[in-house]
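As structure tokens, the structure follows; a few thoughts come after it.
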Amino acid sequence: MHPAYYMHLYPDVFAFFDRASFFWDHQTLKNLGYNEYQPGAITFFITLTPVFLIEKSVEAFKWALFFANSIFFILYALLLIKMHKTSGVFLMSLFLIFLGPILLFRFDFLVILLTVFSFYLWEKKRKEIAMIVLAFAVITKVYPIIFLPYLLFQSFKQGKKLEPLYLFLTFLAAFLIYLLEYTYFLQINLFDTWASYNFHSLKSVATESIWASLIYFFHFVSGQNLPGMESAYGINAIARASIYPSIQFFNYFWVLPFGIFNLLYFIKNKSWEKIDYRFLTFILLVFLLLSKVLSNQYLAWFLFMVPLIDLKILLRKGWIISIFLIIVTTILHTFIYPLNYSGWLAVLNTGNIDLLLLWTVLISNFLLIVLGIRIGVDVYKNHK
């Protein structure tokens, strides 16, 4: 493995191993202490512990993680085929190549798979089970909850006035059952579980986020030094003393445009027979654009929504250009993280600007903004 991958991909694997090892040794999570991972993620780590029967080491755990994610990749491809989106398998493979191996050493692919599986069940009219699967995706990583309003509104627009309430209660019940089972069987209290959900809100603005790029660009063109950096809460971020107006602003500002875009779509859209994956892809990208943390595995959430869009739409000239831009921004993001991440951190720590790295960061995120505009225009101009 390239040294950059080892230096910047492995720290998370060590953290996963630490949680799994603790459970293996104690058969409980009581007194686990500091933990930022949500219940579904911890449960996933625990399912990999049988590899400890062979060898209890980070290396063995890494290969178990690699094997599990390879299976998720195959299942995702099979789901695309079942959903009659065979061409999406090629697109998915292309994105994975340019993204690099990061997803094979994280748990995001599990969440992506669960989310797409819930869409598949929804399309098969097994909506209650879809809500149960989506709830498990959310208890593993929160972001799939942004799709819930769309699904519930689609159910409402299909003429089933009370079904959305029933489905929401099904989702909520499933989430709470998962949570209570996790706390009871693994003997971890609800306060510690809540701390894992609140952990993200404590982070500052990550150095790879769109917000950070805007701040860096403003400082650069105005001749100011780039703001200082802090390494805290599991990420490298802009020092919170340099953040304006506040961390809380960046925690919650996304809710406003997210709500507006959903409302506009709900008002304008006339066809509710099938899931509009263009809109779901767009609304996820909006969330990422406005999030204070944006890393390559988060970018993958967006990338692996694109293959769900109908082929006849993807073959339009506008979408061919968008796919090209997606590939370019993915390559640029991978160039920074992990391949040149040490150099980028050195720039932020020392203030000695490397123009190649700075402009790579700025252009890669600028392209994401362009993609957001292009996809948004396509969604709202062609909502019929």
If you go through Arg316, Arg278, the only one that is more than 19 Å from the chain's Cα centre (by Cα) and either not assigned by TED's automatic domain parsing to the domain that holds Phe258 or not hydroxyl-bearing (Ser, Thr, Tyr) (or both) is Arg316
Considering the range 248-292, residues that are crowded, with 16+ Cβ neighbours inside 10 Å and of a type in the set (Val, Ile, Thr), and then whichever is nearest to Pro307 (Cα to Cα), we arrive at Thr281
Among the residues of the range 46-67, the number that are touching a residue at least 40 places away in the same chain (Cβ under 8 Å) and within 20 Å of the chain's Cα centre (by Cα) is 1
Of Leu104, Leu94, Leu29, the only residue that is surrounded by 20 or more Cβ atoms within 10 Å (Cβ to Cβ) and of a type in the set (A, V, I, L, M) is Leu29
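Output yes when any residue across the range 356-371 is assigned to a helix (DSSP H, G or I), under 26 Å from Lys270 (Cα atoms) and of a type in the set (Val, Ile, Thr), and no when none is.
Keep residues of the range 356-371 that are assigned to a helix (DSSP H, G or I), which gives 356-371.
Checking which are under 26 Å from Lys270 (Cα atoms) leaves us with 371.
Next cut, of a type in the set (Val, Ile, Thr) only: none.
No, every residue in the range 356-371 fails to be assigned to a helix (DSSP H, G or I), under 26 Å from Lys270 (Cα atoms) and of a type in the set (Val, Ile, Thr).
The values are calculated or read from the model by the stated rules, or taken from the named source; none is laboratory data. Treat the numbers as computed from the prediction; the structure is a model and nothing was measured. No Cβ is skipped: glycine too gets one built from the backbone with ideal geometry, and neighbour counts run over all protein chains shown.
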